[in-house]
Amino acid sequence: DTEVTQTPKHLVMGMTNKKSLKCEQHMGHRAMYWYKQKAKKPPELMFVYSYEKLSINESVPSRFSPECPNSSLLNLHLHALQPEDSALYLCASSRFSALPGNTIYFGEGSWLTVV
Amino acid sequence: AQRVTQPEKLLSVFKGAPVELKCNYSYSGSPELFWYVQYSRQRLQLLLRHISRESIKGFTADLNKGETSFHLKKPFAQEEDSAMYYCALNGGGADGLTFGKGTHLIIQP
């Protein structure tokens, strides 16, 4: 099973709403990632969690708040987003975060529209 | 700094023709290179990684350290190969993958 599961698949939210994106993997991976992808663009790294600790935050605005409750789950809490935050949000995982040969597996993504 | 360059934003070839998607990288150490494919509105899927030297869906890619390239090739393109292809590098640091800008491959019937 090389599956990373993301919910919801689609989310429409207003600029004053608070919502969360969820991600789950049961591959025993100890690194989990959030990426943001705009149409026809490559994914951009947002956050990296390694052993449930935030190891990388790529200067992401505070309206995005990640959380890693345990080694299988990763959340992205959203609050006061802007329309330009509309994108595909991809969760990914890998065995470790800082070793070569580290294949990263992606979920299907959550399509977020901010109105 | 690590960088991945995919010079072609769009590549259109006829069905049955050979395909080569170019990828060049810049990295001071020994990188791990990957090709990911993303079909329309689907997840990003791992297609190939250079350490496994596999052939997936007829695609192959060879790491050329002298030319710092990892071009993706297929001898006979099929219509279902139409997709976005991303070359990616893992430098072994804690910052995940560095992606190229992607190449949109269109296979014409």
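The values are calculated or read from the model by the stated rules, or taken from the named source; none is laboratory data. Just so it is clear, the model here is predicted, and its values are computed rather than measured. With ideal geometry, Cβ positions are generated from the backbone for all residues, glycine too; neighbour counts draw on all protein chains shown. Side chains included, ligands, DNA and RNA excluded: accessible areas come from the protein's heavy atoms. Shrake-Rupley method; radii C 1.70, N 1.55, O 1.52, S 1.80 Å.
So here's what we get for this one:
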item	result
Where B:A77 falls short, out of the listed (1) open to solvent by less than 70 Å² (accessible area, probe 1.4 Å); (2) in a loop (DSSP other than H, G, I, E, B); (3) of a type in the set (G, A, S); (4) under 30 Å from A:Q6 (Cβ atoms)	(4)
Residue identified as touching a strand residue (DSSP E or B) at 6+ places or on another chain (Cβ under 8 Å) and of a type in the set (D, E, K, R) among A:K41, A:K18	A:K18
Residue that is surrounded by the most Cβ atoms within 10 Å (Cβ to Cβ), among those in the stretch B:7-36 that are within 11 Å of another protein chain (Cβ to nearest Cβ) and of a type in the set (A, V, I, L, M, F, W, C)	B:F34
Qualifying residue in the stretch B:46-57 (condition: in contact with a helix residue (DSSP H, G or I) (Cβ under 8 Å, 6 or more places away or on another chain), more than 14 Å from every other protein chain (Cβ to nearest Cβ) and open to solvent by 20 Å² or more (accessible area, probe 1.4 Å))	yes
Pair list, Cβ under 6 Å, 6 or more apart: the stretch B:38-61 residue within 16 Å of A:N102 (Cα to Cα), other residue assigned to a strand (DSSP E or B) and modelled with pLDDT under 85	B:L47/B:I56; B:L48/B:I56
A:N57, sole failed condition from (1) more than 24 Å from B:G91 (Cα to Cα); (2) modelled with pLDDT under 90; (3) within 15 Å of the chain's Cα centre (by Cα)	(1)
Within the stretch A:12-115, strands (runs of 3 or more DSSP E) holding 1 or more residues that are open to solvent by 60 Å² or more (accessible area, probe 1.4 Å)	A:18-25, A:44-50, A:53-57, A:64-70, A:73-79, A:110-114
Members of the stretch B:20-79 found to be among the hydrophobic types (A, V, I, L, M, F, W, C) and in contact with a His (Cβ under 7 Å, 6 or more places away or on another chain), listed by number	B:L21, B:C23, B:L33, B:A61, B:L63, B:F70
Residues (among the hydroxyl-bearing types (S, T, Y) and more than 11 Å from every other protein chain (Cβ to nearest Cβ)) located in the stretch A:52-83	A:S59, A:S62, A:S65, A:S71, A:S72
